[in-house]
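Worksheet: the structure to be examined is printed underneath.
The values are calculated or read from the model by the stated rules, or taken from the named source; none is laboratory data. Remember, it's a predicted structure, so these values are computed and weren't measured experimentally. As a convention, Cβ positions derive from the backbone with ideal geometry for all residues, glycine included, and neighbour counts pool all protein chains shown.
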Amino acid sequence: MSSLTNDLVKERLVREIILLKSDKYNLKKMAIELQVSEATVKRDIKLLKEKEIILFVGSPKTGYYKINKKYLDKVNPKAE
């Protein structure tokens, strides 16, 4: 993976975290907001869940992702 690609992925991950701090998002809603495929968001979500940065709340049909409380104070949406 090139440096440019890594930077783009990091930027997208930060945008996803900021979105999750501001509202409740499911996979489809996040893909639309970020203008990427659902598969891309799925990969990103998997990474963020593995690192325990985000959690899934609720049922598979109506649930949403949210930031883990221990990381919430580290997210600053004004740093965009």
Quiz item: Going through the range 1-26 one residue at a time, which ones are out of contact with any helix residue (DSSP H, G or I) (no Cβ under 6 Å at 6 or more places or on another chain) and not in a helix (DSSP H, G or I)?
Solution: Met1, Ser2, Asp23, Lys24, Asn26
Exercise. Filter the range 27-53 down to residues that are outside any helix (DSSP H, G or I) and closer than 22 Å to Thr5 by Cβ and give me whichever is nearest to the chain's Cα centre (by Cα).
Key: Ile53
Quiz item: Quick one: is Lys61 basic (Lys, Arg), out of contact with any Cys (no Cβ under 8 Å at 6 or more places or on another chain) and at pLDDT below 90?
Solution: yes
